[in-house]
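Note sheet for the following structure.
The values are calculated or read from the model by the stated rules, or taken from the named source; none is laboratory data. Here the structure is a predicted model, which is why all the values come from computation and not from measurement. Cβ placement follows ideal geometry from the backbone for every residue including glycine, while neighbour counts extend to all protein chains displayed.
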Amino acid sequence: MPVDEVKVGIVGLGLVSDSHIKGYQAHPDAEVVAVCDLDEARAREVCGKYGISRYYLSYDEMLKDHEVNTVDITTPTILHAPMALAAARAGKNILCEKPFCLTLEEGEQVCRAADEAGVTLMVGESYIFMTSMMKVRELVDAGEIGKPQQIRQRFGAWVERPGALEASRPVTDLHRGWRMDTTKAGGAGFPWMFDHCVHFFATAEYLMNDTRIRQVYALKSQIDWDSVAPADGQADMNIYRPEAAGDIPIITWTYDDPACTGIWMRAEPLNNKYDPMYGFTLSLIGDKGMIEVLGEGGTGLKWEGKDVHLILHRRNGPTDTFRFDEGGDDIWQSDVSYYSRAHANQIREFVDALIAGKRPRYCGEDGYRAIKTTMAAICSAREGVPVKVSEMTDERFGA
(Lines give C-alpha, C1' and ligand atoms only; values in the text may rest on other atoms or scores of the structure.)
Protein backbone atom coordinates (compact mmCIF):
# COMPACT_ATOMS: atom_id res chain seq x y z
CA MET A 1 0.00 0.00 0.00
CA PRO A 2 1.33 3.48 -0.84
CA VAL A 3 2.08 5.87 2.03
CA ASP A 4 1.81 9.66 2.04
CA GLU A 5 5.00 10.21 4.00
CA VAL A 6 7.74 7.88 5.17
CA LYS A 7 8.28 8.22 8.92
CA VAL A 8 11.42 6.32 9.84
CA GLY A 9 12.80 4.81 13.02
CA ILE A 10 16.45 3.75 12.70
CA VAL A 11 17.82 1.02 14.96
CA GLY A 12 21.58 0.65 15.32
CA LEU A 13 23.71 3.79 15.26
CA GLY A 14 27.02 2.53 13.91
CA LEU A 15 28.97 4.03 11.04
CA VAL A 16 26.47 3.38 8.24
CA SER A 17 23.57 4.96 10.15
CA ASP A 18 24.88 8.44 9.33
CA SER A 19 24.69 7.66 5.63
CA HIS A 20 21.12 6.40 6.00
CA ILE A 21 20.00 9.44 7.98
CA LYS A 22 21.49 11.76 5.35
CA GLY A 23 19.62 9.83 2.66
CA TYR A 24 16.24 10.24 4.34
CA GLN A 25 16.85 13.89 5.14
CA ALA A 26 17.64 14.53 1.47
CA HIS A 27 14.23 13.16 0.40
CA PRO A 28 11.23 15.52 0.58
CA ASP A 29 8.81 12.71 1.47
CA ALA A 30 10.81 11.14 4.30
CA GLU A 31 11.62 12.03 7.88
CA VAL A 32 13.62 10.23 10.56
CA VAL A 33 11.42 10.65 13.62
CA ALA A 34 13.22 8.29 16.01
CA VAL A 35 16.44 6.37 16.57
CA CYS A 36 17.20 3.38 18.77
CA ASP A 37 20.48 2.18 20.26
CA LEU A 38 21.71 0.55 23.46
CA ASP A 39 24.24 3.37 23.87
CA GLU A 40 22.22 6.30 25.23
CA ALA A 41 25.05 8.80 24.77
CA ARG A 42 25.31 7.86 21.09
CA ALA A 43 21.53 8.09 20.66
CA ARG A 44 21.45 11.56 22.21
CA GLU A 45 24.39 12.63 20.06
CA VAL A 46 22.70 11.51 16.84
CA CYS A 47 19.42 13.19 17.76
CA GLY A 48 21.23 16.45 18.44
CA LYS A 49 23.38 16.25 15.31
CA TYR A 50 20.49 15.60 12.92
CA GLY A 51 17.59 17.28 14.70
CA ILE A 52 15.72 14.02 15.41
CA SER A 53 12.98 14.41 17.98
CA ARG A 54 13.36 11.27 20.12
CA TYR A 55 15.37 8.18 20.84
CA TYR A 56 14.71 4.75 22.30
CA LEU A 57 16.92 2.34 24.20
CA SER A 58 14.46 -0.50 23.53
CA TYR A 59 13.63 -1.72 20.01
CA ASP A 60 10.32 -3.13 21.20
CA GLU A 61 9.37 0.30 22.48
CA MET A 62 10.25 1.94 19.17
CA LEU A 63 8.05 -0.56 17.34
CA LYS A 64 5.13 0.64 19.49
CA ASP A 65 5.60 4.21 18.21
CA HIS A 66 2.53 4.81 16.03
CA GLU A 67 4.20 7.63 14.10
CA VAL A 68 6.92 5.26 12.86
CA ASN A 69 5.66 3.48 9.73
CA THR A 70 9.09 2.37 8.50
CA VAL A 71 12.02 0.74 10.28
CA ASP A 72 15.62 0.97 9.04
CA ILE A 73 17.83 -1.78 10.53
CA THR A 74 21.57 -1.00 10.68
CA THR A 75 22.54 -3.30 13.55
CA PRO A 76 25.08 -6.18 13.51
CA THR A 77 24.10 -9.04 11.20
CA ILE A 78 22.99 -11.39 13.96
CA LEU A 79 20.10 -9.00 14.70
CA HIS A 80 18.97 -8.37 11.11
CA ALA A 81 16.44 -11.16 10.66
CA PRO A 82 14.98 -11.11 14.20
CA MET A 83 14.50 -7.35 14.03
CA ALA A 84 13.07 -7.48 10.52
CA LEU A 85 10.65 -10.20 11.61
CA ALA A 86 9.50 -8.13 14.59
CA ALA A 87 9.04 -5.07 12.37
CA ALA A 88 6.96 -7.01 9.85
CA ARG A 89 4.73 -8.35 12.61
CA ALA A 90 4.35 -4.78 13.90
CA GLY A 91 3.17 -3.69 10.44
CA LYS A 92 6.22 -1.55 9.64
CA ASN A 93 7.88 -1.25 6.24
CA ILE A 94 11.50 -2.40 6.41
CA LEU A 95 14.89 -1.48 5.02
CA CYS A 96 17.37 -4.02 6.40
CA GLU A 97 21.12 -3.70 5.90
CA LYS A 98 22.97 -6.56 4.27
CA PRO A 99 23.73 -9.40 4.92
CA PHE A 100 19.99 -9.97 5.19
CA CYS A 101 20.09 -13.06 7.43
CA LEU A 102 22.42 -15.63 8.99
CA THR A 103 20.48 -18.68 7.82
CA LEU A 104 18.25 -19.53 4.89
CA GLU A 105 15.48 -20.56 7.26
CA GLU A 106 15.29 -17.19 8.96
CA GLY A 107 15.49 -15.37 5.61
CA GLU A 108 12.51 -17.34 4.34
CA GLN A 109 10.67 -16.61 7.57
CA VAL A 110 11.16 -12.85 7.26
CA CYS A 111 10.11 -12.75 3.60
CA ARG A 112 6.98 -14.75 4.42
CA ALA A 113 6.12 -12.49 7.38
CA ALA A 114 6.49 -9.34 5.25
CA ASP A 115 4.21 -10.79 2.58
CA GLU A 116 1.61 -11.81 5.15
CA ALA A 117 1.69 -8.37 6.79
CA GLY A 118 1.52 -6.57 3.46
CA VAL A 119 4.62 -4.48 4.20
CA THR A 120 7.54 -3.62 1.94
CA LEU A 121 10.86 -5.34 2.65
CA MET A 122 14.00 -3.98 0.99
CA VAL A 123 17.57 -5.17 1.64
CA GLY A 124 20.25 -2.47 1.75
CA GLU A 125 22.48 -3.65 -1.07
CA SER A 126 24.33 -0.41 -1.67
CA TYR A 127 26.77 -1.57 -4.38
CA ILE A 128 24.11 -1.70 -7.07
CA PHE A 129 23.07 1.83 -6.09
CA MET A 130 26.47 3.40 -6.65
CA THR A 131 26.15 6.06 -9.34
CA SER A 132 28.97 4.44 -11.31
CA MET A 133 27.33 1.00 -11.24
CA MET A 134 23.92 2.39 -12.17
CA LYS A 135 25.59 4.06 -15.16
CA VAL A 136 27.07 0.71 -16.20
CA ARG A 137 23.60 -0.84 -16.14
CA GLU A 138 22.26 2.08 -18.16
CA LEU A 139 24.93 1.52 -20.80
CA VAL A 140 24.21 -2.23 -20.85
CA ASP A 141 20.48 -1.61 -21.24
CA ALA A 142 21.25 0.76 -24.12
CA GLY A 143 23.15 -2.04 -25.90
CA GLU A 144 26.48 -0.23 -25.81
CA ILE A 145 28.52 -3.42 -25.24
CA GLY A 146 26.06 -5.87 -26.78
CA LYS A 147 25.36 -8.96 -24.73
CA PRO A 148 27.35 -8.91 -21.46
CA GLN A 149 29.11 -12.24 -21.08
CA GLN A 150 31.98 -11.93 -18.61
CA ILE A 151 32.53 -9.91 -15.45
CA ARG A 152 35.93 -9.51 -13.79
CA GLN A 153 35.81 -8.06 -10.27
CA ARG A 154 38.96 -6.82 -8.61
CA PHE A 155 39.29 -6.11 -4.88
CA GLY A 156 42.21 -4.06 -3.62
CA ALA A 157 42.97 -2.16 -0.43
CA TRP A 158 40.59 0.44 0.97
CA VAL A 159 42.52 3.53 1.98
CA GLU A 160 41.00 5.72 4.66
CA ARG A 161 40.53 9.43 4.13
CA PRO A 162 42.75 10.99 6.82
CA GLY A 163 40.93 10.92 10.14
CA ALA A 164 37.61 9.69 8.74
CA LEU A 165 37.32 6.50 10.77
CA GLU A 166 39.16 8.03 13.70
CA ALA A 167 36.52 10.77 13.82
CA SER A 168 33.83 8.11 14.17
CA ARG A 169 35.40 6.55 17.24
CA PRO A 170 34.48 5.42 19.83
CA VAL A 171 31.56 4.47 17.62
CA THR A 172 33.88 2.49 15.34
CA ASP A 173 35.32 0.54 18.27
CA LEU A 174 31.90 -0.19 19.68
CA HIS A 175 30.10 -1.09 16.52
CA ARG A 176 32.51 -2.54 13.95
CA GLY A 177 34.55 -5.18 15.77
CA TRP A 178 31.63 -7.61 15.48
CA ARG A 179 32.22 -7.88 11.74
CA MET A 180 34.99 -10.40 12.28
CA ASP A 181 33.22 -12.33 15.02
CA THR A 182 31.57 -15.18 13.14
CA THR A 183 29.03 -15.66 15.96
CA LYS A 184 27.73 -12.14 15.27
CA ALA A 185 28.54 -11.66 11.57
CA GLY A 186 27.88 -15.19 10.33
CA GLY A 187 29.91 -16.99 7.71
CA ALA A 188 30.65 -20.28 9.51
CA GLY A 189 34.24 -19.18 10.15
CA PHE A 190 34.45 -16.80 7.16
CA PRO A 191 32.81 -13.65 8.56
CA TRP A 192 34.55 -11.16 6.25
CA MET A 193 33.52 -13.11 3.16
CA PHE A 194 29.96 -13.48 4.43
CA ASP A 195 29.74 -9.74 5.09
CA HIS A 196 31.11 -8.69 1.70
CA CYS A 197 30.39 -11.40 -0.87
CA VAL A 198 26.73 -10.40 -0.94
CA HIS A 199 27.94 -7.11 -2.46
CA PHE A 200 30.01 -8.85 -5.10
CA PHE A 201 27.36 -11.36 -6.14
CA ALA A 202 24.55 -8.78 -6.19
CA THR A 203 26.67 -6.61 -8.51
CA ALA A 204 27.56 -9.62 -10.68
CA GLU A 205 23.88 -10.39 -11.29
CA TYR A 206 22.76 -6.76 -11.64
CA LEU A 207 25.27 -5.98 -14.37
CA MET A 208 24.66 -9.29 -16.16
CA ASN A 209 21.08 -8.22 -16.96
CA ASP A 210 19.83 -9.89 -13.76
CA THR A 211 20.99 -13.33 -14.95
CA ARG A 212 21.24 -15.58 -11.89
CA ILE A 213 24.48 -17.17 -10.70
CA ARG A 214 24.22 -20.95 -10.99
CA GLN A 215 27.47 -22.35 -9.57
CA VAL A 216 30.50 -21.00 -7.72
CA TYR A 217 34.03 -22.26 -7.19
CA ALA A 218 36.20 -20.59 -4.56
CA LEU A 219 39.87 -21.14 -3.78
CA LYS A 220 41.05 -21.02 -0.19
CA SER A 221 44.55 -20.05 0.93
CA GLN A 222 46.20 -19.77 4.34
CA ILE A 223 47.90 -16.62 5.60
CA ASP A 224 49.06 -15.39 8.96
CA TRP A 225 46.93 -12.30 9.53
CA ASP A 226 48.83 -11.40 12.69
CA SER A 227 52.02 -10.85 10.70
CA VAL A 228 50.45 -8.47 8.18
CA ALA A 229 50.29 -4.77 8.99
CA PRO A 230 48.00 -2.34 7.14
CA ALA A 231 49.56 -0.22 4.42
CA ASP A 232 49.93 3.49 5.06
CA GLY A 233 46.49 5.03 5.17
CA GLN A 234 44.69 1.71 4.93
CA ALA A 235 41.92 1.18 7.46
CA ASP A 236 43.30 -0.64 10.50
CA MET A 237 41.78 -4.06 10.03
CA ASN A 238 43.07 -5.30 13.37
CA ILE A 239 39.59 -4.60 14.74
CA TYR A 240 38.30 -7.07 12.14
CA ARG A 241 40.90 -9.79 12.76
CA PRO A 242 39.43 -13.25 12.19
CA GLU A 243 39.88 -16.05 14.68
CA ALA A 244 41.09 -18.35 11.89
CA ALA A 245 43.70 -17.59 9.24
CA GLY A 246 41.46 -18.46 6.30
CA ASP A 247 41.47 -16.34 3.19
CA ILE A 248 39.63 -16.66 -0.12
CA PRO A 249 41.59 -14.78 -2.80
CA ILE A 250 39.69 -16.01 -5.89
CA ILE A 251 36.08 -16.93 -6.65
CA THR A 252 34.75 -17.93 -10.07
CA TRP A 253 31.15 -18.53 -11.10
CA THR A 254 28.83 -19.47 -13.92
CA TYR A 255 25.31 -18.25 -14.62
CA ASP A 256 22.03 -19.82 -15.68
CA ASP A 257 22.98 -18.45 -19.10
CA PRO A 258 25.91 -20.72 -20.09
CA ALA A 259 27.47 -17.93 -22.18
CA CYS A 260 28.13 -15.89 -19.03
CA THR A 261 30.94 -16.27 -16.48
CA GLY A 262 32.50 -14.25 -13.68
CA ILE A 263 35.54 -13.96 -11.44
CA TRP A 264 36.39 -12.05 -8.26
CA MET A 265 40.04 -11.57 -7.24
CA ARG A 266 41.40 -10.12 -4.03
CA ALA A 267 44.92 -8.71 -3.78
CA GLU A 268 45.89 -6.30 -1.02
CA PRO A 269 48.39 -5.93 1.85
CA LEU A 270 46.08 -7.86 4.17
CA ASN A 271 46.59 -11.03 2.14
CA ASN A 272 50.25 -10.27 1.41
CA LYS A 273 49.66 -9.06 -2.15
CA TYR A 274 50.07 -5.78 -3.96
CA ASP A 275 47.73 -4.21 -6.49
CA PRO A 276 48.09 -0.56 -7.60
CA MET A 277 44.32 -0.37 -8.13
CA TYR A 278 42.53 0.42 -4.89
CA GLY A 279 39.07 -0.53 -3.70
CA PHE A 280 36.45 -2.40 -5.71
CA THR A 281 36.76 -2.16 -9.50
CA LEU A 282 35.43 -4.27 -12.31
CA SER A 283 35.40 -4.92 -16.03
CA LEU A 284 32.28 -6.02 -17.88
CA ILE A 285 32.85 -7.66 -21.27
CA GLY A 286 30.26 -7.99 -24.00
CA ASP A 287 30.35 -9.06 -27.64
CA LYS A 288 30.37 -5.44 -28.87
CA GLY A 289 32.36 -3.66 -26.19
CA MET A 290 33.76 -3.53 -22.68
CA ILE A 291 33.27 -1.32 -19.62
CA GLU A 292 35.81 -0.59 -16.87
CA VAL A 293 34.49 1.13 -13.75
CA LEU A 294 35.33 2.15 -10.19
CA GLY A 295 33.30 0.99 -7.18
CA GLU A 296 33.64 1.42 -3.42
CA GLY A 297 36.99 2.94 -2.50
CA GLY A 298 38.04 2.74 -6.13
CA THR A 299 40.91 4.75 -7.54
CA GLY A 300 43.55 4.38 -10.23
CA LEU A 301 41.49 4.10 -13.43
CA LYS A 302 43.06 6.19 -16.21
CA TRP A 303 42.49 6.86 -19.89
CA GLU A 304 45.04 8.76 -21.97
CA GLY A 305 46.78 9.92 -18.79
CA LYS A 306 43.64 11.30 -17.13
CA ASP A 307 41.81 10.01 -14.06
CA VAL A 308 38.38 8.73 -15.04
CA HIS A 309 35.61 6.82 -13.29
CA LEU A 310 34.23 4.74 -16.15
CA ILE A 311 35.56 3.77 -19.57
CA LEU A 312 33.33 2.49 -22.36
CA HIS A 313 35.29 0.67 -25.05
CA ARG A 314 33.35 -0.04 -28.26
CA ARG A 315 34.44 -2.82 -30.57
CA ASN A 316 33.87 -0.81 -33.73
CA GLY A 317 33.52 2.68 -32.38
CA PRO A 318 35.02 5.41 -30.22
CA THR A 319 35.98 5.03 -26.57
CA ASP A 320 34.05 7.25 -24.15
CA THR A 321 34.91 8.12 -20.56
CA PHE A 322 32.74 9.31 -17.69
CA ARG A 323 33.23 11.02 -14.34
CA PHE A 324 30.85 11.19 -11.38
CA ASP A 325 31.99 14.14 -9.30
CA GLU A 326 29.70 13.89 -6.28
CA GLY A 327 31.70 15.62 -3.61
CA GLY A 328 34.07 12.82 -2.69
CA ASP A 329 33.66 9.92 -0.29
CA ASP A 330 33.00 10.37 3.43
CA ILE A 331 35.37 7.56 4.45
CA TRP A 332 37.72 6.42 1.67
CA GLN A 333 40.38 8.16 -0.39
CA SER A 334 38.47 7.34 -3.53
CA ASP A 335 37.77 8.85 -6.93
CA VAL A 336 34.06 8.01 -6.58
CA SER A 337 31.59 8.41 -3.74
CA TYR A 338 30.27 5.36 -1.91
CA TYR A 339 29.74 6.80 1.58
CA SER A 340 27.21 8.34 1.56
CA ARG A 341 26.07 8.57 -2.08
CA ALA A 342 25.24 4.90 -2.71
CA HIS A 343 23.20 4.72 0.48
CA ALA A 344 21.36 7.91 -0.44
CA ASN A 345 20.57 6.45 -3.87
CA GLN A 346 19.19 3.24 -2.36
CA ILE A 347 17.11 5.16 0.18
CA ARG A 348 15.66 7.31 -2.59
CA GLU A 349 14.66 4.08 -4.36
CA PHE A 350 13.11 2.77 -1.13
CA VAL A 351 11.16 5.92 -0.29
CA ASP A 352 9.96 6.41 -3.86
CA ALA A 353 8.72 2.80 -3.90
CA LEU A 354 6.85 3.27 -0.62
CA ILE A 355 5.20 6.49 -1.82
CA ALA A 356 4.17 4.87 -5.12
CA GLY A 357 3.17 1.55 -3.55
CA LYS A 358 5.61 -0.29 -5.83
CA ARG A 359 8.23 -2.99 -5.32
CA PRO A 360 11.74 -1.56 -4.79
CA ARG A 361 14.61 -2.85 -6.89
CA TYR A 362 16.28 -5.00 -4.22
CA CYS A 363 13.85 -6.92 -1.99
CA GLY A 364 14.03 -9.65 0.61
CA GLU A 365 14.11 -12.39 -2.01
CA ASP A 366 17.12 -10.71 -3.64
CA GLY A 367 18.97 -10.45 -0.34
CA TYR A 368 18.11 -14.09 0.39
CA ARG A 369 19.56 -15.21 -2.95
CA ALA A 370 22.80 -13.28 -2.30
CA ILE A 371 23.11 -15.06 1.05
CA LYS A 372 22.56 -18.44 -0.58
CA THR A 373 25.21 -17.70 -3.22
CA THR A 374 27.65 -16.52 -0.56
CA MET A 375 27.09 -19.71 1.40
CA ALA A 376 27.86 -21.70 -1.75
CA ALA A 377 31.16 -19.82 -2.16
CA ILE A 378 32.22 -20.50 1.43
CA CYS A 379 31.27 -24.17 1.15
CA SER A 380 33.25 -24.40 -2.07
CA ALA A 381 36.34 -22.98 -0.35
CA ARG A 382 35.99 -25.40 2.54
CA GLU A 383 35.25 -28.46 0.41
CA GLY A 384 37.48 -27.70 -2.59
CA VAL A 385 34.73 -28.37 -5.14
CA PRO A 386 32.32 -26.27 -7.24
CA VAL A 387 28.96 -25.80 -5.52
CA LYS A 388 25.59 -25.19 -7.16
CA VAL A 389 23.62 -22.41 -5.51
CA SER A 390 20.40 -24.43 -5.78
CA GLU A 391 21.93 -27.19 -3.66
CA MET A 392 22.80 -25.01 -0.68
CA THR A 393 21.15 -25.77 2.66
CA ASP A 394 21.67 -24.54 6.18
CA GLU A 395 22.78 -28.04 7.17
CA ARG A 396 25.54 -28.15 4.55
CA PHE A 397 26.70 -24.66 5.47
CA GLY A 398 26.72 -25.42 9.16
CA ALA A 399 24.45 -22.50 10.04
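What number of residues within region 337-378 satisfy the criterion of being closer than 25 Å to residue 299 by Cβ and either modelled with pLDDT under 95 or among the hydroxyl-bearing types (Ser, Thr, Tyr) (or both)?
Qualifying residue count, region 337-378: 4.
Could we say that residue 38 is over 16 Å from residue 344 (Cα atoms) and assigned to a loop (DSSP other than H, G, I, E, B) here?
yes
Starting from region 340-351, keep only residues that are under 16 Å from residue 74 (Cα atoms), then list their pairs with residues that are in a helix (DSSP H, G or I) and among the small types (Gly, Ala, Ser) whose Cβ atoms are within a distance under 6 Å, requiring at least 6 positions of separation or different chains.
Taking only residues 6 or more apart or on different chains, the pairs are 340/19; 342/126; 343/19; 343/23; 343/126; 344/23; 346/126; 347/23.
Hey, among 291, 248, which residue is in the same structural domain as residue 146 (by TED's automatic domain parsing), on the phi < 0 side of the Ramachandran plot, modelled with pLDDT of 95 or more and out of contact with any Ser or Thr (no Cβ under 6 Å at 6 or more places or on another chain)?
The conditions single out 291.
Name every residue in region 331-387 that is out of contact with any helix residue (DSSP H, G or I) (no Cβ under 9 Å at 6 or more places or on another chain) and surrounded by 21 or more Cβ atoms within 10 Å (Cβ to Cβ), in order of residue number.
334, 335, 354, 380 - these are the residues of region 331-387 that are out of contact with any helix residue (DSSP H, G or I) (no Cβ under 9 Å at 6 or more places or on another chain) and surrounded by 21 or more Cβ atoms within 10 Å (Cβ to Cβ).
Conditions (1) touching a helix residue (DSSP H, G or I) at 6+ places or on another chain (Cβ under 6 Å); (2) free of Cβ contacts under 8 Å to residues at least 12 places away in the same chain, marked per residue:
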position: 80; (1), (2): no, no
position: 83; (1), (2): no, no
position: 95; (1), (2): yes, no
position: 99; (1), (2): yes, no
position: 115; (1), (2): no, yes
position: 119; (1), (2): yes, no
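Restricting the search to region 272-282, which residues are of a type outside the set (Ser, Thr, Tyr) and either crowded, with 20+ Cβ neighbours inside 10 Å or not in a loop (DSSP other than H, G, I, E, B) (or both)?
If the condition is that a residue be of a type outside the set (Ser, Thr, Tyr) and either crowded, with 20+ Cβ neighbours inside 10 Å or not in a loop (DSSP other than H, G, I, E, B) (or both), then 279, 280, 282 are the ones that fit.
Can you pull out the helices (runs of 4 or more DSSP H) entirely within region 101-197 that have at least 1 residues that are surrounded by fewer than 17 Cβ atoms within 10 Å (Cβ to Cβ) and modelled with pLDDT of 95 or more?
Because the criterion is at least 1 residues that are surrounded by fewer than 17 Cβ atoms within 10 Å (Cβ to Cβ) and modelled with pLDDT of 95 or more, the helices (runs of 4 or more DSSP H) in region 101-197 that meet it are 104-117, 131-141.
Okay, residues lined up against (1) under 19 Å from residue 155 (Cα atoms); (2) buried (at least 20 other Cβ atoms within 10 Å of the Cβ); (3) touching a helix residue (DSSP H, G or I) at 6+ places or on another chain (Cβ under 9 Å):
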residue: 257; (1), (2), (3): no, no, no
residue: 260; (1), (2), (3): no, yes, no
residue: 264; (1), (2), (3): yes, yes, yes
residue: 284; (1), (2), (3): yes, yes, yes
residue: 300; (1), (2), (3): yes, no, no
residue: 319; (1), (2), (3): no, no, no
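Taking the criterion of being modelled with pLDDT of 95 or more, over 24 Å from residue 16 (Cβ atoms), polar (S, T, N, Q) and part of a loop (DSSP other than H, G, I, E, B), would at least one residue in region 198-218 satisfy it?
Checked against the condition, which is being modelled with pLDDT of 95 or more, over 24 Å from residue 16 (Cβ atoms), polar (S, T, N, Q) and part of a loop (DSSP other than H, G, I, E, B), region 198-218 yields at least one hit.
Against the definition (without any contact (Cβ under 8 Å) to a residue 40 or more places away in the chain and closer than 12 Å to residue 367 by Cβ), how does residue 88 come out, yes or no?
Criteria not met by residue 88.
Considering only region 72-122, state which residues are touching a strand residue (DSSP E or B) at 6+ places or on another chain (Cβ under 8 Å) and either charged (D, E, K, R) or not assigned by TED's automatic domain parsing to the domain that holds residue 42 (or both).
72, 92, 97, 98
Residues in region 45-72 that are over 26 Å from residue 1 (Cβ atoms) and buried (at least 20 other Cβ atoms within 10 Å of the Cβ): how many?
Of the residues in region 45-72, 2 are over 26 Å from residue 1 (Cβ atoms) and buried (at least 20 other Cβ atoms within 10 Å of the Cβ).
Pick out the one residue from 62, 83 that is more than 18 Å from the chain's Cα centre (by Cα) and closer than 23 Å to residue 183 by Cβ.
Every option except 83 fails the conditions.
Would you tally the residues in region 23-35 being within 16 Å of residue 54 (Cα to Cα) and in a loop (DSSP other than H, G, I, E, B)?
Of the residues in that region, 0 qualify.
How many residues are in contact with a His (Cβ under 8 Å, 6 or more places away or on another chain), assigned to a loop (DSSP other than H, G, I, E, B) and among the basic types (Lys, Arg) if we restrict to region 336-374?
Qualifying residue count, region 336-374: 0.
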